[in-house]
Amino acid sequence: MVEVEGGGTFPLEAMEDGCFSAHAAGIGAGARYKVRVDAGEAIPDLASRLQPDGNDGASVVVSNDFDWTDAAWTGPTTRDQVVYELHIGTFTQQGTWTAAREKLEFLAGLGVTVIQIMPIGTFKGAFGWGYDTTLPYAPFAPYGTPEDIRAFVDAAHGLGVGVILDVVYNHVGLGDHYRTYSEHFFTDRYENEWGASFNYDGEHAHAVRDFVVANAVYWITEFHMDGLRIDAAQAMFDSSDEHIIAELSRAVREAAAPRSAYIIVENQPQEHKMIDAPDQGGYGLDGMYNDDFQHAVRVAATGHNDFYYRDYLGTPQEIVSSLKYGFLYHGQRSDQRDAAYGTDNLDTPPEHFIHFLENHDQVANSPQGLRLTSLLSPARLRAVTALLLLGPQTPCLFQGQEFGSSNPFLYFFGIDGDAADLVSNGRKESLKNFPGVADPVMLERLADPTDRQTFEGSKLDWKEAERHSGLLKLHRDLLALRKSDPTFSQNSERRIDGAVLGDGALLLRYLTPNSEGHRVLLLNLGRDLHMSVVAEPLIAPPRGHQWVPAWSSEHPDYDGAGRRPVEPEKFWILPSDCAVLLKSEPR
């Protein structure tokens with residue numbers, strides 16, 4: 001039955017397929033209620049739209065009324081996107097949708113086209129990443145109201161920026177209420193490192209599938225979200241004729257029409273079927289995150305390849321191969337896994353790969369949660385940023401990366417009691433895979449995920465955007481170049497090739513039907529490289545043309561050391577920790 005505070009009790013009547021309903025006359029927005037199943041404890045509605053008192057509090061009826069102004073917005077397409085990942089609770093000091101909305105003009109001016117919001121469903125605890133969602137329809141109340149979310153999305157659309165939501169459909173967090181409603185929500189037939197998996201293919205699975213698909217559609221129809229980022233798709237186990245991800249993708253696109261929807265995925269096995277068309281047996285998604293690129297560049301830039309970086313040497317060839325083919329592992333053996341890893345993706349167009357240097361996982365899944373600005377020299381950071389932002393794949397930035405945020409981004413989960421000890425100890429055990437953390441002193445100094453200061457210390461300091469104006473300008477200039485130069489468009493007829501120039505140096509060549517569209521991006525993470533004689537065909541200019549310098553990571557505007565002369569037909573030096581872009585011009 002449903003118990004409405006001050007409004008009475010309403011028995012639920014059985015419907016088809018194990019569902020129950022009641023008509024509660026006179027109950028409007030603001031009404032607080034709970035559900036009691038079989039005379040048990042009163043609990044929140046699994047499809048609650050608002051939980052102002054948290055995971056175990058009363059559910060609240062909300063109004064969907066909102067004066068939308070985005071009727072002309074058509075939605076993001078698969079190509080030429082620039083993704084920006086952010087966490088509402090740490091993106092600003094206030095940690096609210098309203099405060100985040102004030103930064104939208106900044107993001108649009110930076111060149112961002114799609115904002116990816118980390119999960120916002122209600123979870124147990126006072127703060128967290130959101131991946132432990134327990135009530136997926138109820139936006140986490142400390143961030144603001146549902147109306148605040150709509151205002152954020154509406155404002156973003158007004159600036160030409162899409163908004164997609166990170167969703168977690170592979171497990172639920174601590175203190176969930178699903179089991180009180182039904183024993184059929186989960187299955188133990190599959191092994192899932194995060195807990196019990198949703199039952200997508202067992203007895204009564206249709207109700208579970210309907211619940212999850214309806215949640216995905218809910219964000220599109222009621223909040224005008226432009227798509228989703230699906231978390232850990234490999235843990236969404238389903239042997240049905242139509243996989244739940246394929247069904248979800250189809251439903252989201254139908255709900256978004258006539259607007260386009262943008263759906264990307266985290267998929268550890270790197271399965272090509274994620275982006276294959278449904279009529280080819282695929283799931284019809286737009287893009288997959290590419291950890292291989294991040295791992296190779298990070299090892300190249302830092303020199304460390306311990307724990308899950310062990311399969312990467314950071315060689316120029318690894319980086320070249322990732323820029324040409326996306327994933328580095330297409331089915332060959334992984335030493336970390338002692339098994340074959342990945343699937344054939346040699347012919348996958350670059351727009352289907354999401355490349356990044358930082359994201360919430362790769363920053364926080366390190367002992368101190370350090371950002372690259374704390375790990376690399378400024379020159380090296382500028383150089384590898386050029387790989388990301390001028391590379392052929394779809395680039396993704398993590399909040400504050402564009403201005404070199406120096407605050408760490410740590411794992412935080414604001415729970416208490418025995419559960420807090422389990423979370424803290426589990427985090428330590430995981431991080432002990434990094435050899436340095438085995439040092440007892442280091443282990444003792446790891447940040448406690450349940451300490452509020454761990455959360456507060458992960459918030460961006462926006463004053464750094466002013467103090468680090470050189471790095472910010474570099475990001476703006478590169479994204480402007482990516483947008484204005486047709487060669488860098490994923491809609492162009494370009495062809496990508498690359499070559500190794502030295503122990504730490506490489507080139508990426510953009511070849512186009514028009515000779516003046518040719519570009520060469522040079523990167524050197526080794527010692528100064530003498531370029532007097534280079535026996536590499538890809539550095540030769542098109543017939544009747546010459547290379548002229550178009551951009552350098554060492555420009556003084558970026559706080560660089562100054563641009564050295566670039567004279568490809570004479571002796572010149574490609575400096576250490578530098579990226580240089582050459583363009584083709586008629587002689």
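The values are calculated or read from the model by the stated rules, or taken from the named source; none is laboratory data. As the structure is a computational prediction, the values presented were derived from the model and not from experiment. Cβ sites come from the backbone with ideal geometry, for glycine too, and all protein chains shown count toward neighbours. Accessible surface is based on the protein model in full, side chains and every heavy atom, while ligands, DNA and RNA are left aside. Shrake-Rupley method; radii C 1.70, N 1.55, O 1.52, S 1.80 Å.
Within region 271-285, how many residues are in contact with an Asp or Glu (Cβ under 8 Å, 6 or more places away or on another chain) and either open to solvent by less than 10 Å² (accessible area, probe 1.4 Å) or closer than 24 Å to Ser366 by Cβ (or both)?
Residues that pass the stated criteria total 1.
Of Ile27, Ile43, Ile115, which residue is closer than 18 Å to Trp219 by Cβ and either among the aliphatic types (A, V, I, L, M) or surrounded by fewer than 19 Cβ atoms within 10 Å (Cβ to Cβ) (or both)?
On inspection, the qualifying residue turns out to be Ile115.
Of all strands (runs of 3 or more DSSP E) completely enclosed by region 496-587, which ones contain at least 2 residues that are more than 21 Å from Val320 (Cβ to Cβ)?
Ranges flagged: 545-552, 578-586.
Scan region 26-48 and report the pairs whose first residue is on the phi > 0 side of the Ramachandran plot and of a type outside the set (Ser, Thr, Tyr) and whose second residue is at pLDDT 95 or above and assigned to a strand (DSSP E or B), with Cβ atoms within less than 7 Å and a gap of 6+ or a chain change.
Gly30/Val60
Residues checked against (1) of a type outside the set (Asp, Glu); (2) farther than 19 Å from Gln393 by Cβ; (3) touching a Ser or Thr at 6+ places or on another chain (Cβ under 8 Å):
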position: Ala340; (1), (2), (3): yes, yes, yes
position: Thr343; (1), (2), (3): yes, no, no
position: Leu346; (1), (2), (3): yes, no, no
position: Phe353; (1), (2), (3): yes, no, yes
position: Phe356; (1), (2), (3): yes, no, no
position: Asn359; (1), (2), (3): yes, no, no
position: Gln362; (1), (2), (3): yes, no, no
position: Leu370; (1), (2), (3): yes, yes, no
position: Thr373; (1), (2), (3): yes, yes, yes
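Starting from region 117-141, keep only residues that are among the acidic types (Asp, Glu), then list their pairs with residues that are at pLDDT below 95 and outside any strand (DSSP E or B) whose Cβ atoms are within a distance under 6 Å, requiring at least 6 positions of separation or different chains.
Filtered contacts from region 117-141: Asp132/Gly173.
Out of (1) touching an Asp or Glu at 6+ places or on another chain (Cβ under 8 Å); (2) basic (Lys, Arg); (3) under 26 Å from Tyr131 (Cβ atoms), the odd one out for Arg427 is which?
So the condition that Arg427 fails would be (1).
Specify the residue that is farthest from Leu538 (Cα to Cα); the eligible residues are those in region 565-587 that are of a type in the set (D, E, K, R) and open to solvent by less than 90 Å² (accessible area, probe 1.4 Å).
Asp577
Give me the pairs, please: first residue somewhere in region 214-232 and surrounded by fewer than 20 Cβ atoms within 10 Å (Cβ to Cβ), second residue anywhere and modelled with pLDDT of 95 or more and outside any helix (DSSP H, G or I), beta-carbon distance under 7 Å, and either six or more positions apart or on two chains.
Listed pairs, sorted by first residue: Asn215/Pro136; Asn215/Tyr137; Tyr218/Tyr137; Ala232/Asn170; Ala232/Glu266.
Test of understanding: among Gly517, Gly526, Gly562, which residue is surrounded by fewer than 21 Cβ atoms within 10 Å (Cβ to Cβ) and at positive phi?
Step by step, each of Gly517, Gly526, Gly562 is checked, and only Gly562 is surrounded by fewer than 21 Cβ atoms within 10 Å (Cβ to Cβ) and at positive phi.
Which ones in region 190-213 are outside any loop (DSSP other than H, G, I, E, B) and either touching a His at 6+ places or on another chain (Cβ under 6 Å) or open to solvent by less than 30 Å² (accessible area, probe 1.4 Å) (or both)?
Ser197, Phe198, Ala205, Val208, Arg209, Val212, Val213 - these are the residues of region 190-213 that are outside any loop (DSSP other than H, G, I, E, B) and either touching a His at 6+ places or on another chain (Cβ under 6 Å) or open to solvent by less than 30 Å² (accessible area, probe 1.4 Å) (or both).
Might you check whether a residue that is of a type outside the set (Phe, Trp, Tyr) and open to solvent by less than 40 Å² (accessible area, probe 1.4 Å) occurs anywhere in region 13-22?
No, that holds for no residue.
Would you check if Glu318 is free of Cβ contacts under 8 Å to residues at least 40 places away in the same chain, assigned to a helix (DSSP H, G or I), within 30 Å of Leu529 (Cα to Cα) and out of contact with any Asp or Glu (no Cβ under 7 Å at 6 or more places or on another chain)?
Yes, satisfied.
Restricting attention to region 332-364, report how many residues are without any contact (Cβ under 8 Å) to a residue 24 or more places away in the chain and under 19 Å from the mean Cα position of the chain (by Cα).
Going through region 332-364 one residue at a time, the tally reaches 1.
Counting only residues that are surrounded by 21 or more Cβ atoms within 10 Å (Cβ to Cβ) and assigned to a loop (DSSP other than H, G, I, E, B), which one in region 132-156 is modelled with the lowest pLDDT?
If we take residues in region 132-156 being surrounded by 21 or more Cβ atoms within 10 Å (Cβ to Cβ) and assigned to a loop (DSSP other than H, G, I, E, B), then Asp132 is modelled with the lowest pLDDT.
Looking at region 89-108 only, could you name the residues that are among the polar types (S, T, N, Q), open to solvent by 10 Å² or more (accessible area, probe 1.4 Å) and in a helix (DSSP H, G or I)?
Thr98
Where the second residue is in a helix (DSSP H, G or I) and open to solvent by 40 Å² or more (accessible area, probe 1.4 Å) and the first is closer than 17 Å to Phe223 by Cβ and touching a residue at least 24 places away in the same chain (Cβ under 8 Å) and lies in region 155-178, which pairs have Cβ atoms under 6 Å and are six or more apart or on separate chains?
That search, which allows pairs on different chains as well, returns Ala155/Arg101.
Which condition does Asp276 not pass, out of (1) within 20 Å of the chain's Cα centre (by Cα); (2) without any contact (Cβ under 8 Å) to a residue 40 or more places away in the chain; (3) not in a helix (DSSP H, G or I), if it passes all the others?
Unmet for Asp276, out of (1) within 20 Å of the chain's Cα centre (by Cα); (2) without any contact (Cβ under 8 Å) to a residue 40 or more places away in the chain; (3) not in a helix (DSSP H, G or I): (1).
Report, by residue number, each residue of region 451-489 that is open to solvent by 30 Å² or more (accessible area, probe 1.4 Å) and of a type in the set (Ser, Thr, Tyr).
Selection gives Ser469, Ser484.
For region 305-350, how many residues are within 28 Å of Gly282 (Cβ to Cβ), open to solvent by 50 Å² or more (accessible area, probe 1.4 Å) and not aromatic (Phe, Trp, Tyr)?
10
Could you list, ordered by first residue, the pairs with Cβ atoms under 9 Å in which the first is in region 235-260 and of a type in the set (S, T, N, Q) and the second is part of a loop (DSSP other than H, G, I, E, B) and open to solvent by 30 Å² or more (accessible area, probe 1.4 Å), at least 6 apart or interchain?
Short answer, once both residue conditions are applied: Ser239/Asp201; Ser240/Asp201; Ser260/Thr74; Ser260/Thr77; Ser260/Thr78.
Phe293 fails exactly one of the following numbered conditions: (1) among the aromatic types (Phe, Trp, Tyr); (2) part of a loop (DSSP other than H, G, I, E, B); (3) surrounded by 21 or more Cβ atoms within 10 Å (Cβ to Cβ). What is the number of that condition?
Condition not satisfied by Phe293: (2).
Any residue that is among the basic types (Lys, Arg) and under 30 Å from Pro556 (Cβ atoms) - is there at least one of those in region 420-429?
No, the conditions are met nowhere in region 420-429.
Kindly establish whether Thr69 is open to solvent by 10 Å² or more (accessible area, probe 1.4 Å) and in contact (Cβ under 8 Å) with a residue 40 or more places away in the chain.
Criteria met by Thr69.
Pick out the one residue from Gly436, Gly404, Gly414, Gly369 that is more than 30 Å from Asp497 (Cβ to Cβ), open to solvent by less than 20 Å² (accessible area, probe 1.4 Å), more than 19 Å from the chain's Cα centre (by Cα) and in contact (Cβ under 8 Å) with a residue 24 or more places away in the chain.
Of the residues listed, the single one that is more than 30 Å from Asp497 (Cβ to Cβ), open to solvent by less than 20 Å² (accessible area, probe 1.4 Å), more than 19 Å from the chain's Cα centre (by Cα) and in contact (Cβ under 8 Å) with a residue 24 or more places away in the chain is Gly414.
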